[in-house]
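Have a look at the structure below before the remarks.
Every read-out reported here was derived from the displayed coordinates using simple, explicitly stated rules and does not represent laboratory data. Bear in mind the structure is a predicted one, so any value in this text is a computation, not a measurement. Quick reminder, even Gly has a Cβ in these numbers, built from the backbone with ideal geometry, and neighbours come from all protein chains shown.
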Amino acid sequence: MTASKKILSLVVPVALLSLGACATPFKANVARFQAMPAPQGQSFTVQASDMKLQGGLEFAHYADLVTRKMVAQGYQPAASPRDATLLVTLDYEVDNGRERVESAPGTGFGFGYADPFYRPWYGRWGPRRAYRYGWYDPFMFGPPYSYDVSSYTIYTSELDMRIDRTADGQRLFEGKAKALSRDDDLTRLVPNLIDAMFTGFPGNSGETVRITVAPEEGARRR
């Protein structure tokens, strides 16, 4: 192994560890359609779109997060579903992921190269091939010697939220938040998707916005 390859084998793992240690912002695309009335203390209840999730501890955790967001908007939790003015329905999922492969030019350069235009000369011991020394220039003498290739899995997560008026079943809000991530951990993804959904809530009807949720700093609209 050459000295340059030894250096690269040490530097690359350290760089990857540095990237893994850094907290990266969570980004989601949020599309919303709404005809929400101004909040005047209307009551609401939160239910799961898939009734098999209703009553589960995991869904209860996400429903509590949505409840806090709704209260912050000026709505009030209903004493019972029968008393609710608004019905909030949640659905969430993450797919099985897909592989993504990326390649980048490596740093395969050396300290010497043969000059193809330089004619061999003849010395006392026969023909000699000429070598000139310097940095290998990939733009003059072809592509680099190697490429760095990486492969990883990308997951797509999604949160759907609907709000209906219980008196007549009229739909008041439809929202969809989608994001790409390197993991499929719903306990991390769903809270971030909820933060994104309620950033600038209820939003402009028919508009899709890019929301960035900064680590420990809340969300902002871009």
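If one computes the Cα centroid of region 169-203 and of region 23-50, what distance in Å separates the two points?
7
Find how much the distance from residue 185 to residue 209 grows on full extension, using 0.36 nm per residue of separation minus their present alpha carbon separation; answer in nm with one decimal.
6.3 nm
Residues with amide H under 5 Å of residue 93's amide H, sequence separation 5 or more or different chain, H placed in the peptide plane at 1.01 Å from N; which?
Close amide H contacts, sequence-distant or interchain: 158.
Determine, for each peptide in 47-56, 86-95, the mean count of other beta carbons within 10 angstrom over its residues, then list the peptides with the highest first.
Those peptides, ordered most packed to least, come out 86-95, 47-56.
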